[in-house]
Structures are given as structure tokens and as C-alpha cells.
1. For the chain, can you list the cysteines whose C-beta has no other cysteine C-beta under 4.7 Å from it?
2. What ³J(HN,Hα) values, in whole Hz, does the Karplus curve 6.51 cos²θ - 1.76 cosθ + 1.60 give for the stretch 219-227 when θ = phi - 60°, with x put for Gly and Pro?
3. If you rank 43, 251 by fewest surrounding Cβ atoms within 10 Å, what's the result?
4. Using amide H atoms built 1.01 Å from N in the peptide plane, name the residues 5+ places from residue 48, or on other chains, whose amide H lies under 5 Å from its own.
5. Using 0.36 nm times the number of residues separating residue 364 and residue 170, minus their current alpha carbon distance, what extension gain do you get?
6. Tell me the Kirkwood radius of the stretch 109-173: reciprocal of the mean inverse pair distance over distinct alpha-carbon atoms, in Å.
7. In percent, how large is the relative contact order of the chain, given Cα pairs closer than 8 Å and 6 or more residues apart?
8. Dipole size in debye (nearest 20) for the stretch 70-147 around its Cα centre, Lys and Arg Cβ +1, Asp and Glu Cβ -1?
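Every number in this text was worked out from the coordinates using simple rules, so none of it is lab data. This structure is a prediction, so every number in the text was calculated from the model and none was measured. Counting neighbours? That spans all protein chains shown, and the Cβs are built from the backbone with ideal geometry, glycine included.
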Amino acid sequence: MTIDLAAPSPALADARAPSPTTGEARFGVYVHWPFCRAKCPYCDFNSHVRHGGIDEPRFLSAYLAELAYFASLAPARNVASVFFGGGTPSLMQAETVAAILEAIAKHWRLDSDAEITLEANPTSVEAERFAGYRAAGVNRLSLGVQALDDTSLKALGRQHTADEALSALDLAKRRFGRVSFDLIYAREGQTARGWRDELGLALSHAADHLSLYQLTIEPGTPFAARHDAGTLKPPNGAEARAQYLLTQELCEAAGLPAYEVSNHARPGSESRHNLLYWRGADYAGIGPGAHSRIGIDGVKRALATLKSPEDWRASVEARGHGLASDDALSADEAAEEYLLMGMRLSEGIDLARFAAIGGRPLDEARIASLAEDGLVRRDGRRLAATPKGRLVLDRLIVELAPG
Ligand SMILES: C[S@@+](CC[C@H](N)C(=O)[O-])C[C@H]1O[C@@H](n2cnc3c(N)ncnc32)[C@H](O)[C@@H]1O
Ligand code: SF4
């Protein structure tokens, strides 16, 4: 099945109205596929292994029903981006992806140049599905490469080798207009010298976008248990910081500067979907454990669905949606969220928009003092963290946040 992304729906022709709470006209749809072939020991995403397989048509029906529910909550929006994330969306049948995209195009106005991303694991089995995803309408692939040597991949519990990942990347670059891949650095035993070589190799294979994450020891994961027991020793703070600084330097030199703390792109190739989140736009999150932010009647609502795939499906089958929570954010909460997300971006936040969302501006004296310390840069209406400020971003945001 394919969809005609260029065909506008005349009934929704006026859907470019800005969101009442953010002033941001674009709308995103996130689709969470919560299944993985195996659980990686560092990962705390909502991902589940079902050795007996899953009833994919039944899950698809639930996705379609929940999409219809969200379309009724946020009708007449202009979808600029769709993101299939996980879990491992490259375990989905291409027909499932196509059916979901068709439904999105039916419920909303899907921009003719909408960015449609799918996250894929770079095993050869999944690479065989790339052509099907492209035919379904996916135009951007994000590959979870994680490391470029087999010893590290094994330590990360990955199901693919470095060669397999590079072959999948090659194929992806031929099939899709836009391709990104993820690497994790500051891994156990990794040195700045080793990371320099690995990132150099990565940059030589990079298309237009890279996501480079510093390893986080997530509570409740096998890595956290080993870390607590002293059998997993990631690089210390100074070493991790050196690797972060090296990342900025090498990516910038290669023409892929950071546009967000962990995301690097050739100018113009930034992930539009992630920009929607960080710029405070509205988005609907479909599937188990997905989050949404939707402005309704001038109030930003934060919605989240049930995390267990089977509980979520049972809820959708009974009630038409799998919502576990639906909270109205206060003006202060919405503004704080905009600050928290926006300051991750190199472009920073729009101070006038912050004031419009929260009903009060940021404290000018605090901005001036942080600017004096070289931690923020003020440029007209915009406020951004400097490279020095980005190293202490959490503290910076706490100091800026009103109240
Ligand atoms: C939700 S995962 C999905 C991607 C896909 N399932 C995969 O593993 O290739 C998105 C990305 O988050 C990153 N990630 C997950 N857990 C992490 C952790 N504990 N520390 C750093 N990065 C992490 C990985 O780079 C991963 O590719
Ligand atoms: S890192 Fe990816 S493949 Fe591994 S468990 Fe998490 S979501 Fe699944």
C-alpha cells in the first residue's frame, strides 16, 4: 500500500492555524512500537520482548483506533512530521507502517514534504525491509548503530556486528533521501583517543545527521545493577567530558555541528520531528507508553498512554484509547517545559514566546548575570546556552526558571 503524500485534503485547507498555546503551527505524530528482538542491558525505553510473536493485525487495529481518538482531540492540524520510534519499529511489517500513514493522511492534512522517519536496528533481516518502508512513504531512516567495533557491540548486548551495521547504513543511504545513525560513547573502557578514531570513521560514513549519546546508566537496568556492584566502570566525569568536547570539535569540523546537545546535522538537515519537541510544538503520541502535548482551548495538555503493550491494546479495544493520564499544564508548567526543551537547542529559546506561554518573562537580572559568567548568549529575542553553558545545562535551567 502507498499513500499520496502530495494530495491535500481540501476540508483541512485552513489547518495552518497556530496552536493556541505555543504559536507553533506545525504538528507531529509519534508512533511508538514497543517490541524488540532482545532487551539491551543499558536501555530503559518502553520496549518488550515477546518470544511467542505478536498479533500484528490486532495491534494495527488498536493503533488505527487510537489515531482516530487523537484526531478527534486535535482535529484540523497540519502534520509536518511522523516518527516511528521504539522499541524497534523495523520489526513492523511495511504494510502496518503504510496503513498507519494512510490513516494519518486521512485524519489530518499531511504536508506534501512531511518528514517521515522510522527507527531501525541495523541487522540484515531488518535491512531487507527498507524497500517496503520507502514504498510505504518513509523518507528518513534513523539507524541504531551504537558502536563501530564488535567487542563494544557485544558488551552493549547488540544483535548486529559493525560490518552488518555499515552494510545496513549503505543500503539505507541508497534507499532513503535522509539517513541518521546513533552512536553511544563514554562506554566502559573507551578513551578519548579510541572515540576520536571511532567518530572519525562514523563521520566518514555519515549522511546528513548523527545522534551521539553519552552512555547514561539508567536505574533499573542490568547496567545499573552492574554499576552498583562495581563490575561496570564507565569513564569518570572528566573523561566523559573530554569525549563530549571532542565530539563537538570533530562534528563541527566535518560540517555537522550540534544543533542540540546530542544531535548533529548538516545545516538544513536537522530532524524536524525532534525540533517540534524542542521548540514546544504540539504532537500526538500513539501506541504503548507514548506521550503527547496538545493545546486544547488555550490549555496545553500532557497525555501519556499505558506502557504495557497488552494493557494498552485492551484499553484501546474497550475505550478507543490507551490513555493512562491526561493532565492540563498550568501556564508556569508549560513555560518551564518550553525552557527545558528549548535550551537544549543551539538556537535556544524565544524570550517573547516564553513570556506569552507563561504569562511572565524570564528575570532579566538573572539573564544578565549568567551572560556575564559566559554561560548564556542573548541575541535580540533569543536566549541560548554558550558551549560553556551547555556543560552545566541542568544547573543553568534551574537558575533561569522562575519561581
Ligand atoms: C529507543 S532507542 C531505539 C533505537 C533502536 N531500537 C536501536 O536500539 O537501535 C534510541 C536510541 O537511544 C540511545 N540510548 C538508549 N539507551 C541509552 C543509554 N542508556 N545511554 C545512552 N544512549 C541510549 C541509543 O543510541 C538508541 O539508538
Ligand atoms: S536500545 Fe533499541 S533494541 Fe535495545 S532494548 Fe532499547 S529500544 Fe530495544
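1. 36, 251
2. Whole-Hz 3J(HN,Hα) from phi for the stretch 219-227: x, x, 8, x, 5, 5, 4, 5, 5.
3. 43, 251
4. When sequence neighbours closer than 5 places are left aside, the close amide H contacts are 35, 36.
5. Extra length from residue 364 to residue 170 when fully extended: 64.9 nm.
6. Values: mean 1/r = 0.0794 Å⁻¹.
With all distinct Cα pairs of the stretch 109-173 included, I get 12.6 Å.
7. 16
8. That gives the stretch 70-147 a dipole magnitude of about 180 debye.
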